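Below you'll find the structure, written out as structure tokens, and then a few comments.
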Amino acid sequence: MSEFITLARPYARAAFSYAQEAGQIDQWERWLAEAAALASAPQVRMLFTDPDQSRDDLVALFAGDKADDGLVNFLRLLAANDRLALLPEIHQLFSQYAEEAASELTVDVYTPGDMSAEQLDKLKQALGKKLQRDVKIRTHRDDSLLGGVRIQAGDLVIDGTLKGKLEKLRSELLN
């Protein structure tokens with residue numbers, strides 16, 4: 001997956017720059033969310049590798065009736081470089097850039113159990129202070145964790161899980 005993110009990054013940056021200059025960040029975010037969902041569908045993913053499928057047909061499939069010239073040109077660029085399959089990663093990165101521009105950040109918090117509202121509030125305040133942004137927390141229950149918490153904010157990962165600490169100790173002992 002990290003390879004896909006790397007490939008998607010220049011396209012997401014270009015799309016975000018264009019949308020920002022045009023004052024259409026919200027419109028592009030909605031459109032990219034729809035395109036990402038469509039690109040994730042198994043039936044559509046098969047079309048990306050079908051040699052009989054024309055690039056123009058793929059562009060028309062994603063553009064629909066509502067796309068403006070900027071969106072259509074972006075799709076043509078992706079199709080010409082065989083990168084339409086990267087739309088989910090492009091959307092993910094675009095959303096991160098939009099949050100950064102708005103001084104917001106959505107943080108994913110993985111725990112083995114549920115956190116109390118007080119714990120979430122304290123975590124939100126601490127992360128907001130550390131990251132200097134307005135933080136939104138998305139919680140995920142991960143039963144594979146033994147204890148602790150893993151926080152993922154874009155490329156930043158804070159692993160305070162027992163599993164992570166044991167892996168670090170194991171690595172230090174073996175090296």
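Quick look at the values:
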quantity: Cα→Cβ-extended label distance, 7 Å offset, between ASP142 and VAL72, nm; calculated: 4.4 nm
quantity: For the chain, share of DSSP beta bridges that run antiparallel, in % to the nearest 5; calculated: 45 percent
quantity: Tilt relative to the chain, helix 25-40 - C-alpha long axis, 0 to 90 degrees, to 10; calculated: 90 degrees
quantity: Relative exposure of LEU120, LEU166, judged by other C-beta atoms within 10 Å (fewest first); calculated: LEU166, LEU120
quantity: Phi-based couplings in Hz for the stretch 59-74 (Karplus 6.51, -1.76, 1.60; Gly and Pro marked x); calculated: 4, 5, 4, 7, 6, x, 8, 8, 6, 8, 4, x, 5, 5, 5, 5
quantity: Calculated FRET value between LEU156 and GLU3, using beta carbons and R₀ = 22 Å, to 0.05; calculated: 0.65
quantity: Gaussian network model of the chain, Cα within-10 Å springs - most flexible of ALA63, ALA101, ALA41; calculated: ALA41
quantity: Trypsin sites (Lys or Arg not before Pro) within the stretch 74-175, DSSP loop, no more than 10 other Cβ atoms inside 10 Å; calculated: none
quantity: With Cα atoms, 0 to 90° folded angle of helix 87-101 axis to the chain main axis; calculated: 60 degrees
quantity: Cα centroid separation - the stretch 1-70 against the stretch 83-121, whole Å; calculated: 19 Å
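None of the figures in this text is laboratory data; all of them are computed from the coordinates on show. What you are looking at is a predicted structure, and each value in this text was computed from that prediction instead of being measured. Because the Cβ atoms are built from the backbone with ideal geometry, glycine has one as well, and the counts that use them run over all protein chains shown.
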